Amino acid sequence: LGLLYQEYRDKSTRQEIETRRLQDSQTEPEESSPSEETPFEAEPTSTTESKAPPQISLLRNSNSRFNLWQDLPEIQSSGVLSILQPDEIKLQEAMFELVTSEASYYKSLNLLVSHFMENERLKKILHPSEAHILFSNVLDVMAVSERFLLDLEQRVEENIVISDVCDIVYQHTVNHFSVYITYVSNQTYQERAYKQLLQDKPAFREVISQLELDPKCKGLSFSSFLILPFQRITRLKLLVQNILKKVEEKSDRETTALDAHKELETVVKACNEGVRKMSRTEQMISIQKKLEFKIKSVPIISHSRWLLKQGELQQMNGPKTSRTLRTKKLFREIYLFLFNDLLVICRQIPGDKYQVFDSAPRGLLRVEELEDQGQSLANVFILRLLENADDREASYMLKASSQSEMKRWMISLAPNRRTKFVSFTSRLVDCPQIQCVHPYVAQQPDELSLELADVLNILDKTDDGWMFGERLHDQERGWFPSSMGEEILNPKIRAQNLKECFRVHKSDDSQRRKLGSRNRQ
């Protein structure tokens, strides 16, 4: 584990991508070689106990390389590989990867604290309040990681064959992982403070640059260390998902994996909500200040409201019979603010202000695409407000700047509208799938940030290079450039990915069904 977590994570995800590429090129995916992310359904198998527990101390042995469980000398010499079924070996690899990645993560956290946070020159430059915003509760996070790693390490040392790790994950998630919510919720303040310090304090900028050049950092930036806890808690959920895909069905290990996954999902969602809450509140206040109502005023700021999409569109003037006119004056600019529960239609006025002339609840919006209308009406769609600000039905013929912009508006305005490819949640249609081969950071509220090796079902795509996808591991949807992904062509792999996804989320599905049943009663 000479690797810092950033290196470990990058190597692991790229290995995952290559494994999936290999599977995709094979006609029988089940024949692929064992790997930490190779999908399969495991069979129950007996485990072999060792007489002398192996000494695989991940905290002390900091120079070991990026290992597979089966490559360890203790495993090689034990003869256990000739006894275990291949599926059990794959499961051992998945559990071992969770443990070794935690050791690498702890090493990186330790470096963040000892090399940056406790640096004497940096302490003198930073005011205590600035240091608190910058490093937040990272000491608590590191203490939790150390305790977690020690318990995982003890389990590994109990037996050559790892019995389980998800029970440990469950206990620590329930009892200790709330520190991640605190850290991640501070992320917006942290990023802002870091940018401000770089801008306002040359001495801070100089010290950080010097510390980053230290060989210990292996060329990694200070900010890559600050974001570690958020990356880890998200990755930990995926590692448990990977174990869940490999344990035997209806077994104790499946139960503990499902329990651990459910608790991690709760923590990850709380982290995401913590990050969004502050930025959304600030954004809503900013928008409220820019709006002037020509109609009856609508209160914009609400704790349950957030922005989904905003932007300029061209509104067609006059009755529908004038559609045949070929003139640029046919359209005039309007500006839309679409929230999760409300649409506000405006015209931009001087002073960076917007005059609101219509609005409607989002649930009362309908869209319809115009086809084969000629170049002047390309990328045009009809927006229908079933009940507008005057309690009447209203229609707007709107023109977007491109095909992708038109589709993005249509899906945002009417999210339940059927897309080009049916959503995988129907469980009926084999729709296209991609795996992410380039990370992407969302630039707009309707876009989806992607991590390497994410697998997505493609629900729609445009001719100008955009895709609308649903990520399998968390069902998050959004747009992203099609160049970020690589299509999974093998239908067996696509089916396998869906099967594994349903298995991982089956406890969520059963919970939703129970809630639905109670609501109906």
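Summary table below
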item	result
Pairs with Cβ under 6 Å, 6+ apart, first in segment 154-168 and assigned to a helix (DSSP H, G or I), second open to solvent by 20 Å² or more (accessible area, probe 1.4 Å)	Glu157/Pro53; Glu158/Pro53; Cys166/Thr256; Asp167/Thr256; Ile168/Asp151
All positions within segment 136-153 that are out of contact with any Pro (no Cβ under 6 Å at 6 or more places or on another chain) and either open to solvent by less than 20 Å² (accessible area, probe 1.4 Å) or not in a helix (DSSP H, G or I) (or both)	Ser136, Asn137, Val138, Val144, Ser145, Phe148, Leu149, Leu152, Glu153
Residues of segment 188-239 satisfying the condition of being closer than 26 Å to Phe96 by Cβ, open to solvent by less than 50 Å² (accessible area, probe 1.4 Å) and not in a helix (DSSP H, G or I)	Leu220
Residues of segment 100-132 classified as over 31 Å from the mean Cα position of the chain (by Cα) and part of a helix (DSSP H, G or I), total	7
Test set (1) open to solvent by 40 Å² or more (accessible area, probe 1.4 Å); (2) not in a helix (DSSP H, G or I) - Ser279 fails condition number	(2)
Any chance Glu312 is out of contact with any Cys (no Cβ under 6 Å at 6 or more places or on another chain), at pLDDT 95 or above and surrounded by fewer than 17 Cβ atoms within 10 Å (Cβ to Cβ)	yes
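The values are calculated or read from the model by the stated rules, or taken from the named source; none is laboratory data. Here the structure is a predicted model, which is why all the values come from computation and not from measurement. Positions of Cβ are generated from backbone atoms using ideal geometry, with glycine treated the same way; all protein chains shown enter the neighbour counts. Accessible surface is based on the protein model in full, side chains and every heavy atom, while ligands, DNA and RNA are left aside. Shrake-Rupley method; radii C 1.70, N 1.55, O 1.52, S 1.80 Å.
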